Amino acid sequence: AQSVTQLDSQVPVFEEAPVELRCNYSSSVSVYLFWYVQYPNQGLQLLLKYLSGSTLVKGINGFEAEFNKSQTSFHLRKPSVHISDTAEYFCAVSSWNTGKLIFGQGTTLQVKP
Amino acid sequence: GAVVSQHPSWVICKSGTSVKIECRSLDFQATTMFWYRQFPKQSLMLMATSNEGSKATYEQGVEKDKFLINHASLTLSTLTVTSAHPEDSSFYICSARDSGGPPSTDTQYFGPGTRLTVL
């Protein structure tokens, strides 16, 4: 069985400050890891994904994430956030053979001016 | 990038009626589509996996007779909520898996969601 835990339900941060959204996963098989962003009343948009290779993954909107196999983590980071980054962020894990995504509980990023 | 559409974006219906939601992959073929349900301020819950030309696979606890899924073509899957009740009110989101290339391109693309309100 696979599971995802997002350690923070809400993360308030001031504009232009750095931010880290934490994600830990559990799986007995190889997985793919994803971060999605959801704006109010909208679907999910892919920020970045880790399939294999380099453990540092760069995504859209200046976000990046680092896969740490020993700590089973895939934390999302941005060096300087904008007001427009305010949204819900979901970490997800899937196995390549089923394609099913298992989502974490979500983290609300609140960027304050 | 790959685009997935959903129709309608919102719907209000009376209790006891049925509602059909469409999910389309606009610029790629999707042999597999997924249906999720999201309650306010909560994460997405996978309801079922829809495979083109075969029966859907439902997750534990999801009533297959209540949530009918049809994946008639490589670009269209439909979810029909039958005999809807107020507790079925939710945000329904579909995704389509673009598995037409190598594994590195295997990503789920999400539709914008459908807000269902049952009165």
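I need the strands (runs of 3 or more DSSP E) fully contained in region B:1-90, keeping only those with at least 1 residues that are more than 14 Å from every other protein chain (Cβ to nearest Cβ) and either among the acidic types (Asp, Glu) or under 22 Å from B:Pro112 (Cβ atoms) (or both). Even if it seems obvious, please write down each step before you answer.
Values: elements: B:4-7, B:10-13, B:19-25, B:32-38, B:44-51, B:67-73, B:76-81.
Correct list: B:10-13, B:19-25, B:67-73, B:76-81.
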* To do: Could you grab me the full set of residues in region A:81-106 that are under 23 Å from B:Lys41 (Cβ atoms), of a type in the set (A, V, I, L, M, F, W, C) and either outside any strand (DSSP E or B) or more than 7 Å from chain B (Cβ to nearest Cβ) (or both)?
  => A:Val81, A:Ile83, A:Ala87, A:Cys91, A:Ala92, A:Val93, A:Ile102
* To do: Go through region B:6-43 and count every residue that is out of contact with any helix residue (DSSP H, G or I) (no Cβ under 9 Å at 6 or more places or on another chain) and either of a type in the set (Val, Ile, Thr) or at pLDDT below 90 (or both).
  => 15
* In region A:2-52, how many are facing another protein chain (nearest Cβ under 10 Å) and over 28 Å from B:Val3 (Cα atoms)? -> 1
* Exactly one of (1) surrounded by fewer than 14 Cβ atoms within 10 Å (Cβ to Cβ); (2) of a type in the set (Gly, Ala, Ser); (3) farther than 17 Å from B:Leu68 by Cβ is unmet by B:Ser25. Its number? -> (1)
* Leading residue by the ranking (farthest from the other protein chains (Cβ to nearest Cβ)) among those in region B:91-119 that are part of a loop (DSSP other than H, G, I, E, B) and at pLDDT 90 or above -> B:Leu119
* Provide a single number: the residues in region A:53-68 that are within 14 Å of another protein chain (Cβ to nearest Cβ) and out of contact with any Lys or Arg (no Cβ under 9 Å at 6 or more places or on another chain). => 3
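The values are calculated or read from the model by the stated rules, or taken from the named source; none is laboratory data. Remember, it's a predicted structure, so these values are computed and weren't measured experimentally. Every residue, glycine among them, receives a Cβ derived from its backbone with ideal geometry; neighbour counts consider all protein chains shown.
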